[in-house]
Amino acid sequence: MTTPRLLCSEINETNRLTNLPLNRSVTLGITLSTDSVNISPVIDIQNGVIIYQRSRLNKPILDYVKDGRSNLTSGDPHASVYISNQVDLKNPATSLKVLIASVKDASADFRVLYQLIRPDGTDTELKYNLFPGFDNLTDTDGDGFGDQVIDSSKNSGKPDSFVSPSLSGEFKEYQFSVDNLEEFTGYKIKIVMSGTNEAKSPVFKDLRTIALA
């Protein structure tokens, strides 16, 4: 579906869906065919099951630079949030990169944050930090990706370079990176998803992370 749909109750089906077959809020059409006169398809309607699912999606934050609720370890207002397991490093690192492929409609968005575990840290939960974003980076080496942070207080969680919205089912590569960090020995990755159409929520695959000294 290209837009969210509602499954109605039986009383609403009877009273409000008079223009649909049998007043049903859900109908399933099946066409059966065979190339043999002796064999035909069979449908088990006794044990048939239809599974419904939805993508929880909202848009609670308009300005990630000014609104820091996603940076907190609890109480994030996004309905859709992914948090990775903690990755522990054998050797301390000072830079972090996230690579991920995504189908992202023009009506949707996602931001990426990181949480660092310091060598001298305690067990206290640390806040998450937004990746700088292409609008807060300059490209100093000419590779098309920003690599020099302009102002860390203006990090937005956007990728290193602008990526246009996907066409239907089109996965595009996103890169998020931050350098010159204080040494860390572990990290977590957090992705917050937002949008105005639950039927077109972001889809992800191939999440990869790289920590470098």
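The values are calculated or read from the model by the stated rules, or taken from the named source; none is laboratory data. These numbers come from a predicted model, not from an experiment. So basically every Cβ, Gly included, is an ideal-geometry build from the backbone, and we count neighbours across all protein chains shown. These area figures cover heavy atoms from the full protein model, side chains too; ligands, DNA and RNA do not enter into them. Shrake-Rupley method; radii C 1.70, N 1.55, O 1.52, S 1.80 Å.
Of the residues that sit in region 17-74 and are within 30 Å of Q115 (Cβ to Cβ), among the polar types (S, T, N, Q) and not in a loop (DSSP other than H, G, I, E, B), which one is most open to solvent (accessible area, probe 1.4 Å)? By that ranking, first place goes to N71.
When region 164-184 is limited to residues that are closer than 14 Å to S95 by Cβ and not aromatic (F, W, Y), the one that is surrounded by the most Cβ atoms within 10 Å (Cβ to Cβ) turns out to be V178. When region 138-191 is limited to residues that are touching a residue at least 60 places away in the same chain (Cβ under 8 Å) and of a type in the set (A, V, I, L, M, F, W, C), the one that is nearest to D105 (Cα to Cα) turns out to be F171.
Output the residues belonging to region 155-188 that are in contact with a strand residue (DSSP E or B) (Cβ under 6 Å, 6 or more places away or on another chain) and not in a loop (DSSP other than H, G, I, E, B). If the condition is that a residue be in contact with a strand residue (DSSP E or B) (Cβ under 6 Å, 6 or more places away or on another chain) and not in a loop (DSSP other than H, G, I, E, B), then E173, Y174, Q175, F176, S177, V178, F184, T185, G186, Y187, K188 are the ones that fit. Taken together, the residues in region 89-111 that are over 21 Å from A199 (Cα atoms) and either more than 17 Å from the chain's Cα centre (by Cα) or open to solvent by 30 Å² or more (accessible area, probe 1.4 Å) (or both) amount to 10.
None of Y82, Y114 is of a type outside the set (G, A, S) and either open to solvent by 20 Å² or more (accessible area, probe 1.4 Å) or touching a His at 6+ places or on another chain (Cβ under 7 Å) (or both) except Y82. For region 191-213, what are the residues that are more than 13 Å from the chain's Cα centre (by Cα) and either within 21 Å of S84 (Cβ to Cβ) or surrounded by fewer than 15 Cβ atoms within 10 Å (Cβ to Cβ) (or both)? If the condition is that a residue be more than 13 Å from the chain's Cα centre (by Cα) and either within 21 Å of S84 (Cβ to Cβ) or surrounded by fewer than 15 Cβ atoms within 10 Å (Cβ to Cβ) (or both), then T196, R208, T209, I210, A211, L212, A213 are the ones that fit.
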